[in-house]
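For reference, the structure discussed in these notes is given below.
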Amino acid sequence: ASPSDPENFPFVVLGNKIDVDGGNSRVVSEKKVRAWCALKGNIPYFETSAKEGVNVEEAFQCIAKNALKSGEEEE
């Protein structure tokens, strides 16, 4: 489902499985992702590994804060 207002939706981009292959099998470079996120209004970006617990908590906290902030702005 698409958000009703994509220009103001609190997107977060996650690059998962950074533990696999030392990052050598990635399809999109970190530099390219960060540039894209910057072009789209500084969308937060996290490289994560659920297996090793890398940046999972940080990403969740960011998502939760953005959702709460978005909810407050709608009221």
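We did not get these values from a lab; they are worked out from the coordinates using the rules stated. Since we're looking at a predicted model, the values are computed, not measured. Positions of Cβ are backbone-derived with ideal geometry, glycine not excepted, and every protein chain shown enters the neighbour counts.
Sequentially through segment 2-15, phi angles give Karplus couplings (6.51, -1.76, 1.60; θ = phi - 60°) of 8, x, 5, 9, x, 5, 10, 6, x, 5, 9, 9, 10, x Hz, Gly and Pro residues having no value and appearing as x.
What number comes out for the charge environment of Cys37, summing +1 per Lys or Arg and -1 per Asp or Glu over other residues with Cβ under 14 Å away?
On the way: positive: Lys31, Lys32, Arg34, Lys40; negative: Glu30, Glu47.
Net charge in that neighbourhood comes out at +2.
Near the amide H of Gly15, within less than 5 Å, lie the amide hydrogens of Phe46, Glu47, Thr48, all on another chain or at least 5 residues away, with H placed in the peptide plane.
For the chain, the number of Lys pairs with C-alpha atoms closer than 18 Å, counting only pairs eight or more positions apart or on separate chains, is 5.
The convex hull built on the alpha-carbon positions of the chain has an orientation-averaged projected area of 5.8 nm². Each of Ser25, Ser70 was scored by other Cβ atoms within 10 Å of its Cβ. Listed from fewest to most, they are Ser25, Ser70.
Modelled spin-label separation between Ser70 and Trp36, with each label point placed 7 Å from Cα along the Cα-to-Cβ direction: 1.8 nm.
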